[in-house]
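Below is one structure, written out as structure tokens; the observations come after it.
The values are calculated or read from the model by the stated rules, or taken from the named source; none is laboratory data. All figures in this text were calculated on a predicted structure; none of them were measured in a lab. Here the Cβ is made from the backbone with ideal geometry for all residues, glycine too, and neighbour counts use every protein chain on show. For the accessible areas, the whole protein counts, side chains as well, though only heavy atoms, and no ligand, DNA or RNA atoms are used. Shrake-Rupley method; radii C 1.70, N 1.55, O 1.52, S 1.80 Å.
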Amino acid sequence: MSTKMPVNLTINGETFNVEVEPRWLLSDVIRHQVGLIGTHVGCEQGVCGACTVLIDGKPERSCLIFAVQAQGHQITTVEGLTQNKPDLTPLQQAFQNHHALQCGYCTPGMLLTATALLETEPHPNEHRIREALSGNVCRCTGYQFIVDAILEVAGDSKEASR
Amino acid sequence: MKPATFEYRKATTVADVVQWLKDAPDGKVIAGGQSLVPLMNFRLARPSVLIDINGIRALHHVEYDGSTLDLGALIHHQEIADHPEIQKKFPVLTVAARHIGHWAIRNRGTLGGSLAHADPASEWPAAMVALQAEIDVQGSPGVHRVPASEFFLGYYTTVLEPDEMIVGARVPATGASRIGFAEVARRTGDFALAGAFVEDCLDGTGFVTWFGVSDKPQRIAVALPPARETSWREALEQLTLNDVAEDKIALAIEIAERALKHSALVGAAYFGAHAIRGRD
Ligand SMILES: Cc1cc2nc3c(=O)[nH]c(=O)nc-3n(C[C@H](O)[C@H](O)[C@H](O)COP(=O)(O)OP(=O)(O)OC[C@H]3O[C@@H](n4cnc5c(N)ncnc54)[C@H](O)[C@@H]3O)c2cc1C
Ligand code: FES
Ligand code: FES
């Protein structure tokens, strides 16, 4: 029953051929088989958002999908944001400028959720940003600096208007 | 913890699913996995066979023929929230969808999964009861339609047999009456502490369907005079309440009042967060 199955995962545009047990979560396979440890794992019940990745461009919980189910889909992890690029993305740079991270545990999930938001809606207001991030818990920053960073990229910077 | 071992099968037809469920009575269907996988991660559920229905294309549709909205079981919560025709013809579903969990949960969680899971604090079971929808169930004899009012039996319990699955839901157009929604949760995206759909028939009567306050959603007729406290209290007396403390009753009444107020709004105001939010 615990026999492994071969699976092709497309992560950040690269194909990874891995052998997985059906019961292995995508989050664990990304970390332990593929070795991309930027995807963090907190609660394994969908609540904290640390494990958020993009699946076909949309934020989803990698702790609530089995790796076998992810075959045939485009997966983006935090490493994919700077794949083949020398610099941080404007959003990552804004996180740095605004001190939007402390311990960094929530940051990959925050970045991916915010990246997807800005892709679907380039100029969200503060209310929309807070709503989109409601599923990503941060125990350090108090959220304001994260929201400020995203607002900067959204071109609606409070800093700028101050 | 990690999920216990299971055999994984990918279905492409509903007939496969029904047959496999028959063969493995402790097997389980996985749709979005947004309720099932947390249970498996904590080994509160340990199915021997996991039947993935996401590849059944026929369950992924939204159709409106002018009188009935036909929703496939695999429609994601976010797809309902974003659907332009639903927003026009069934705006209460748009508003309800936006209240389900968080964006990442809505992108994967499905209508059918939510109805089968039958969490009494969930939006969809109550929406289906409030809008007098029918739920399409397929087993070995074929498809039968179950009125939503008869589908939910109690906490996490439905009429589904072990070898049956939900294939869709059919929601009739609402006619002349107006329907409003309200919900209060501790934080954005949490399950409701209390929520309600209230239908105003515009003749001094209406219907209320609460969620999060009792064991299952029920559509209850109410008189809607200018002072309505007694009407709401009498309606609540017909339910098996989770909690009979006066503050919980007061909250249920407050939410019903908000839902009624919300029903009178039109256009952009109907979708405004402040119109629907309770004390969160
Ligand atoms: C953090 C978090 C917050 C959430 N907040 C809310 C909320 O506020 N409101 C809310 O309503 N929900 C909430 N949910 C649950 C979410 O809406 C789920 O998507 C939903 O309850 C189940 O749908 P699913 O497609 O994920 O089903 P799954 O998890 O795949 O399955 C759930 C159950 O239904 C069965 N099943 C699935 N599909 C079918 C079918 N077609 N026929 C028969 N049986 C089937 C499965 O076997 C299983 O028993 C939340 C979840 C999380 C993780
Ligand atoms: S680890 Fe996936 S949401 Fe917390
Ligand atoms: S920076 Fe520590 S959890 Fe967000």
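Descriptive notes on the structure:
- The set of residues in region B:184-228 that are open to solvent by 50 Å² or more (accessible area, probe 1.4 Å), β-branched (Val, Ile, Thr) and outside any loop (DSSP other than H, G, I, E, B) contains only B:Thr205.
- Unique match (being in contact with a helix residue (DSSP H, G or I) (Cβ under 8 Å, 6 or more places away or on another chain) and open to solvent by 10 Å² or more (accessible area, probe 1.4 Å)) among B:Ser140, B:Ser177: B:Ser140
- Annotation: of all residues in region A:141-159 being closer than 16 Å to A:Pro124 by Cβ and at pLDDT below 60, the one that is farthest from the chain's Cα centre (by Cα) is A:Lys158.
- For B:Ser231, the criteria (1) part of a strand (DSSP E or B); (2) open to solvent by less than 50 Å² (accessible area, probe 1.4 Å) hold in every case but one, which is (1).
- Filter result for A:Gln92 (at pLDDT 95 or above, more than 16 Å from ligand 1 (Cβ to nearest atom), within 28 Å of A:Pro22 (Cβ to Cβ) and away from chain B (no Cβ under 12 Å)): no
- Of all the criteria given as (1) out of contact with any Asp or Glu (no Cβ under 8 Å at 6 or more places or on another chain); (2) at positive phi; (3) not aliphatic (A, V, I, L, M), the one not satisfied by B:Tyr156 is (1).
- Of A:Thr107, A:Thr115, all but one fail to be surrounded by 20 or more Cβ atoms within 10 Å (Cβ to Cβ) and more than 16 Å from ligand 3 (Cβ to nearest atom); the exception is A:Thr115.
- Yes/no for A:Ile55 being away from ligand 3 (no atom under 16 Å from the Cβ), buried (at least 18 other Cβ atoms within 10 Å of the Cβ), in the same structural domain as A:Leu9 (by TED's automatic domain parsing) and within 13 Å of the chain's Cα centre (by Cα): yes
- Across region B:107-118, the number of residues qualifying as in contact with a Pro (Cβ under 9 Å, 6 or more places away or on another chain) and either within 16 Å of ligand 2 (Cβ to nearest atom) or at pLDDT below 95 (or both) comes to 1.
- The set of residues in region A:1-31 that are surrounded by 14 or more Cβ atoms within 10 Å (Cβ to Cβ) and of a type outside the set (A, V, I, L, M) comprises A:Thr10, A:Asn12, A:Phe16, A:Glu21, A:Pro22, A:Arg23, A:Trp24, A:Ser27, A:Asp28, A:Arg31.
- Residue that is farthest from ligand 2 (Cβ to nearest atom) [pool: residues in region A:132-147 that are within 13 Å of chain B (Cβ to nearest Cβ) and of a type in the set (Gly, Ala, Ser)]: A:Ala132
- On the stretch given as region A:97-113, residues that are away from ligand 2 (no atom under 16 Å from the Cβ) and either closer than 19 Å to B:Ala104 by Cα or of a type in the set (A, V, I, L, M) (or both) total 2.
- Tally of residues being open to solvent by 50 Å² or more (accessible area, probe 1.4 Å) and either of a type in the set (Gly, Ala, Ser) or farther than 17 Å from B:Pro217 by Cα (or both) across region B:155-169: 2
- Scanning region B:235-258 for residues that are closer than 25 Å to B:Arg98 by Cβ and either in contact with a helix residue (DSSP H, G or I) (Cβ under 8 Å, 6 or more places away or on another chain) or assigned by TED's automatic domain parsing to the domain that holds B:Phe90 (or both) gives B:Asn242, B:Ala252, B:Ile253, B:Ala256, B:Glu257, B:Arg258.
- No other residue among B:Ala176, B:Ala104 is at pLDDT below 95 and over 15 Å from the mean Cα position of the chain (by Cα) apart from B:Ala176.
- Residue identified as within 14 Å of another protein chain (Cβ to nearest Cβ), open to solvent by less than 10 Å² (accessible area, probe 1.4 Å) and either under 27 Å from B:Lys10 (Cα atoms) or not hydrophobic (A, V, I, L, M, F, W, C) (or both) among A:Ile75, A:Ile129: A:Ile75
- Selection status of A:Ile65, more than 13 Å from every other protein chain (Cβ to nearest Cβ) and either surrounded by 22 or more Cβ atoms within 10 Å (Cβ to Cβ) or farther than 20 Å from A:Thr115 by Cβ (or both): no
- Inter-residue pairs, beta-carbon under 9 Å, first under 14 Å from B:Lys89 (Cα atoms) and in region B:54-73, second open to solvent by 60 Å² or more (accessible area, probe 1.4 Å) and β-branched (Val, Ile, Thr), 6+ apart: none
- Test: residue in region B:221-234 that is under 22 Å from B:Pro147 (Cα atoms) and not assigned by TED's automatic domain parsing to the domain that holds B:Val95: yes
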